[in-house]
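Laboratory data are not the source of any read-out in this text; all were calculated from the coordinates shown. No experiment lies behind these values; they were computed from the predicted model shown. Note that we place each Cβ from the backbone using ideal geometry, even for glycine, and neighbour counts take in every protein chain shown.
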Amino acid sequence: MKKISMLCATLLLAFSVAVPGVAADTIKLGVAGPHSGDLAPYGIPAMRAAQLVVNQVNEQGGVLGRQVELFIQDEQCNPNVATNAATRLVSDGVHVVMGHICSGATRAALGIYREAGIPVMSPSATNPPLTQSGEYPNFFRTIASDDMQSKLAVDYALANLDVKKVAILHDRGDYGRGFADFARQALEEAGGAEIVLFEGITPGAMDYSSIIQRVRRTGADTLIYGGYHPEASKLVTQMQRRRVNATFISDDGVKDDSFLNVAGSAAEGAYATGPRDLSHLPLNQAAVQAYRSTYGAEPGAFFQEGYAATLALLNAIEKAGTTDYDAVVNSLRTEYVDTPVGRIKFDDKGDAEGVGFSVFKVVDGVFVEMN
Amino acid sequence: MDYFLELFFSGLTRGSIYALIALGYTMVYGIIQLINFAHGEIYMIGAFVALIVSGVCTIYGLSGFAILILAAAIAAVYAAAYGFTLERVAYRPLRGSPRLSALISAIGMSIFLQNYVLLAQTPDFLPFPRLIPDLAFIEPVAHIIGTPELVILITTLITMVVLTFLIKKTRVGKAMRATQQDLSMARLVGINVDNVISLTFIIGSVMAAIGGVLVASYIGQVSFYIGFLAGIKAFTAAVLGGIGSIPGAVLGGLIIGWSESFAAGYISSDYEDVITFVLLVVILIFRPAGILGKVHKQKV
């Protein structure tokens, strides 16, 4: 049995090696993600986005005058299957890959693409080290990494608000704790402000006045909170009750109308990060419209990011004038491209600049996008 | 010193709310040895009724304190009706059966009431109007004790004085004490035990509702889920003070309120629950019936 599969693999390899020579006239775009199994809803919209973009590009004459050919691999978000899928795509001779979807599967596959010199762009893998570790210079993404929110909030506060002493609270959950941890990290890296308190609070507790007293005692001028809106509205209400004047900054778990309704006047002047409003972008509207008319449904998760990633990859090849690795990577880092998630280019580590989140401030009872 | 006082009053406020709810647990337990797990839900229903009433009153332009008193009164009546019905529907039919059956019935009622409010009202958090206005004379010390805390403390104090009077000085109170000491003997001397039990549920529910209204207007929000955690904490308070003992419930509530407040203030809010429950364990090791609880000999 083993021998037969070895034989098959060898044959397969032999064929695939032969392919690039024969079909050098197409641009080969690999797409990998979960297209079956329970995580399929995260992978299929991005795959369809790639198909929509490729169809459109091919109708308009392709890239560098060559047609774009899709190579789709289903890896079910499973790291083991993902490495196989990556090996397969490499042997298919793809020039660039749009994928993978899950952070774990992406990490497993990235090494294989790196060795093969293939740029990879994920629409959804948000794990911070994927870009920040510097291990994968071939990796890019069109979604903000998990720590981007905290970083954005901290950078904004340091640049625009008078921040000297910061108290950080979180609700002990994965999401809130993560936001708080990254905020602490960003503050320590940036310097200039002192962290005077870092603690978890019990979600759902009757009141938080003791911890608010503690915040006052530390003399914090800024309170960063990682968590969701029910606790956030209690915190700001009790800060107002206890005459604590620290600036309240939180995450997109708080950027919710419930926060405004429940906290009322206490929410005034609070900051929260949240996803940018993209629906006014013409390209965004066009992409969503194309999805609706083709599939008769609303696009799901990561459709826009997948659309953007495919556009960015093909644009980079077009601008570079070649499929050569160095040229494509260089053009990803230097050339701006218009996508459904805005006009973007990528930084040295591979994160899309200006993608994802904005800082919002509560002014007269509504969230107003800053900057 | 200021900081100590701030934490002291935070703990006192929180503790007196726990005490209000704990009284309902302890009174019911004292009479029929049932842990009424649906008690936290009565507290939540009290808060919801007050929200609806204050919504209506605001339309008619009443002032804050007037709305608060009216809302608390109507919430108390409603909660009393719920408490009464609860006992009739879920506990009285099980009076003669093993205690475990009644306990399961109590848990069932708790889940039912939570989900009933979830479906009938909303799964969202709702804003609760700030019915307690900030009084000007208290402004200099508002960071230590504000008007809402003051109102909560005074209301709790009045409620407890009234309760003590009711139990110690009235005929009904005498009947309640008799029923608590020995249910069948009380029946033999002509006390209508069923009425006494109903009354106990009604009194407990009224106090829970008052607690619910006070907390809701203090923290400014309600949801169908607020009864759960408050109920757990109040139940812990009742056990700590000695379940069945009325002064014990008040003492237990205050101890838990203070331990949470001082733990969060001086040590870390990460550990407030840890410290509270370690305290509970330690006290129960040395006084298994709670601080003021009496060890009852098992009746054969």
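In a residue-by-residue description of region B:229-251, the property of being within 30 Å of B:Gly64 (Cβ to Cβ) and not in a helix (DSSP H, G or I) applies to no position. For region A:265-276, the criterion of a residue being within 14 Å of another protein chain (Cβ to nearest Cβ), in contact (Cβ under 8 Å) with a residue 24 or more places away in the chain and in contact with a helix residue (DSSP H, G or I) (Cβ under 6 Å, 6 or more places away or on another chain) is satisfied by at least one position.
Taking the conditions (1) within 14 Å of chain A (Cβ to nearest Cβ); (2) surrounded by fewer than 20 Cβ atoms within 10 Å (Cβ to Cβ) in turn, B:Leu131 satisfies each one other than (2). Taking the listed residues A:Ile72, A:Ile112, A:Ile101, the one that is surrounded by fewer than 22 Cβ atoms within 10 Å (Cβ to Cβ), aliphatic (A, V, I, L, M), outside any helix (DSSP H, G or I) and in contact with a helix residue (DSSP H, G or I) (Cβ under 7 Å, 6 or more places away or on another chain) is A:Ile72, with no other qualifying.
Quick grid of which residues meet (1) more than 23 Å from A:Val236 (Cβ to Cβ); (2) more than 8 Å from chain A (Cβ to nearest Cβ); (3) buried (at least 24 other Cβ atoms within 10 Å of the Cβ):
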residue	(1), (2), (3)
B:Gly212	no, yes, yes
B:Val215	no, no, yes
B:Gly227	yes, yes, yes
B:Ala237	yes, yes, yes
B:Ala249	yes, yes, yes
B:Glu260	no, no, yes
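Residues considered: B:Gly64, B:Gly83, B:Gly96. Of these, the only one that is closer than 20 Å to B:Leu126 by Cα and not polar (S, T, N, Q) is B:Gly64. Among the residues of region A:302-328, those that are surrounded by fewer than 24 Cβ atoms within 10 Å (Cβ to Cβ) and in a loop (DSSP other than H, G, I, E, B) comprise A:Gly321, A:Thr322, A:Thr323, A:Asp324. If you filter region A:329-371 down to residues that are of a type in the set (Val, Ile, Thr) and assigned to a helix (DSSP H, G or I), you find that the one that is farthest from A:Asn127 (Cα to Cα) is A:Thr334.
I'd like to check something: does region A:136-159 contain any residue that is touching an Asp or Glu at 6+ places or on another chain (Cβ under 7 Å), crowded, with 23+ Cβ neighbours inside 10 Å, in contact (Cβ under 8 Å) with a residue 12 or more places away in the chain and within 14 Å of chain B (Cβ to nearest Cβ)? Looking for residues that are touching an Asp or Glu at 6+ places or on another chain (Cβ under 7 Å), crowded, with 23+ Cβ neighbours inside 10 Å, in contact (Cβ under 8 Å) with a residue 12 or more places away in the chain and within 14 Å of chain B (Cβ to nearest Cβ), one finds none in region A:136-159, hence no.
Restricting attention to region A:195-238, the residues being at the interface with chain B (Cβ under 7 Å from one of its Cβ atoms), surrounded by fewer than 23 Cβ atoms within 10 Å (Cβ to Cβ), of a type outside the set (D, E, K, R) and over 20 Å from B:Asp124 (Cα atoms) number 1.
Scan region A:143-180 for residues that are closer than 23 Å to A:Gly354 by Cα and of a type in the set (Asp, Glu) and jot them down. Scanning region A:143-180 gives A:Asp146, A:Asp147, A:Asp155.
Being of a type in the set (Gly, Ala, Ser) and touching a Gly at 6+ places or on another chain (Cβ under 7 Å) is the filter here; which residues of region A:340-369 pass it? A:Gly342, A:Gly354, A:Ser358, listed by residue number.
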